[in-house]
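Report on one structure; see the data block that follows.
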Amino acid sequence: MLRVPAHVLRFWETKFTILRPLKRSGGRRYYRPDDVAVLKRIRDLLYQDGFTIRGAQKLLKNKSMADSVSSKKMPDASFDVESKINRAVNILDEARGRLKSLRQGIKV
């Protein structure tokens, strides 16, 4: 979904304390929609915006402090639905790409 290797996600977990995926038996990690949103933000800061790890840490820390000071809101249920739709679209896009490459391989 994020097109980032698993070892990079694990590294980011050590550097960004805001990331806390659920860990089940066997060490398998489960990323909730909020975790995925933070991971996307980290990815964009590092890969697109050119931030260093330390710069991204500071930016996210300042943002989380501002969020904690602001009034507490109820979680938006539409965000969960939207993230599920986005995930389904990403899965379908990946499947389409695989099918195209398979079709091209058959024509050869």
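The values are calculated or read from the model by the stated rules, or taken from the named source; none is laboratory data. Quick caveat, the model's predicted, so the values are computed rather than measured. Positions of Cβ are generated from backbone atoms using ideal geometry, with glycine treated the same way; all protein chains shown enter the neighbour counts.
The residue pairs whose first member lies in the range 17-28 and is assigned to a strand (DSSP E or B), whose second member is at pLDDT 85 or above, and whose beta carbons are closer than 6 Å, counting only pairs six or more residues apart or on different chains, are L22/Y30; K23/R29.
For (1) at pLDDT 90 or above; (2) assigned by TED's automatic domain parsing to the domain that holds N86; (3) closer than 23 Å to K84 by Cα, each residue gets a yes or a no:
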| residue | (1), (2), (3) |
| --- | --- |
| F16 | yes, no, no |
| L19 | no, no, yes |
| S25 | no, no, no |
| K40 | yes, no, yes |
| Q48 | yes, no, no |
| L59 | no, no, no |
